[in-house]
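Asker: Just passing along the structure, written as structure tokens.
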Amino acid sequence: MKKISLALLSLAFITACNTTKTATSNTANAAKETTVHIDLVNVTNDQVQVEFTPAHITAETATFHIPKTVPGTYSTDNYGQYIENFKAFDKDGNELAVKHPDQNSWDISNANKLTKITYFVNDTFDTEATVKEAVFSPAGTNILKDKNFVLNLHGFVGYFTTQQEFPYTLNITHPEGLVGTSALTDLDAANTKDIYN
């Protein structure tokens, strides 16, 4: 009987340790969570606004990137050239200083106070006839208000240098008549919102 009691006590201890480990792991993942919101409803001047809420940054300066190239394209497309009106904010809505050292990067000062960044995205399809080395259509983006959007995410969603491996949640709001299609599972049943992890 003592052996059974000891075995059950050991099992209870192991289970408790495992639960604590899982809870700690979930908390750590939550601390690394990034949220991105893409607004396909309020399209202005053929541009879509993106709101990016990063995981907490402890450094004084942080660099945000939009991809220069993506695997499989064999080309340098500089998706940062399609970004406009890039802004960074603290929790009180005050703008933080931002420098734009190259076409695909933004350096944010006082990054340890950063709570969100916003920017507008132009699509690549509109430049295919006018740009010498235009982005190849399958790797490009399209913004056609109330009709269709091609959201190759490397044209919309960037990343911080120190957070490249962090998971993120993508929230897309769209007109009710548009249906989002993706290989990912939509976690929101609403007709005007899609959520993907």
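Asker: Of everything in the range 102-120 that's hydrophobic (A, V, I, L, M, F, W, C) and out of contact with any Asp or Glu (no Cβ under 8 Å at 6 or more places or on another chain), which residue is farthest from Glu60 (Cα to Cα)?
Answerer: Only one residue tops the list, namely Trp106.
Asker: Could you count how many residues in the range 172-187 are modelled with pLDDT of 95 or more and either crowded, with 18+ Cβ neighbours inside 10 Å or of a type in the set (Asp, Glu) (or both)?
Answerer: Qualifying residue count, the range 172-187: 2.
Asker: Scan the range 50-89 for residues that are assigned to a loop (DSSP other than H, G, I, E, B) and either within 19 Å of Thr162 (Cα to Cα) or not assigned by TED's automatic domain parsing to the domain that holds Asp123 (or both) and jot them down.
Answerer: Selection gives Pro54, Ala55, His56, Ile57, Thr58, Ala59, Glu60, Ile66, Pro67, Lys68, Thr69, Val70.
Asker: Could you say whether any residue in the range 161-170 is assigned to a strand (DSSP E or B), out of contact with any strand residue (DSSP E or B) (no Cβ under 9 Å at 6 or more places or on another chain) and exposed (fewer than 14 other Cβ atoms within 10 Å of the Cβ)?
Answerer: The answer is no, given that none of the residues of the range 161-170 is assigned to a strand (DSSP E or B), out of contact with any strand residue (DSSP E or B) (no Cβ under 9 Å at 6 or more places or on another chain) and exposed (fewer than 14 other Cβ atoms within 10 Å of the Cβ).
Asker: Sticking with this one: Can you find a residue that is at negative phi and either among the aromatic types (Phe, Trp, Tyr) or not assigned by TED's automatic domain parsing to the domain that holds Phe64 (or both) anywhere in the range 178-192? Give the derivation first.
Answerer: Pass one, the range 178-192, residues at negative phi: 178-192.
If we keep only those that are either among the aromatic types (Phe, Trp, Tyr) or not assigned by TED's automatic domain parsing to the domain that holds Phe64 (or both) as well, we get none.
No.
Asker: Quick check on Asp92: is it assigned to a loop (DSSP other than H, G, I, E, B) and either of a type in the set (A, V, I, L, M, F, W, C) or buried (at least 17 other Cβ atoms within 10 Å of the Cβ) (or both)?
Answerer: No; evaluated as a whole, the condition is false for this residue.
The values are calculated or read from the model by the stated rules, or taken from the named source; none is laboratory data. All figures in this text were calculated on a predicted structure; none of them were measured in a lab. With ideal geometry, Cβ positions are generated from the backbone for all residues, glycine too; neighbour counts draw on all protein chains shown.
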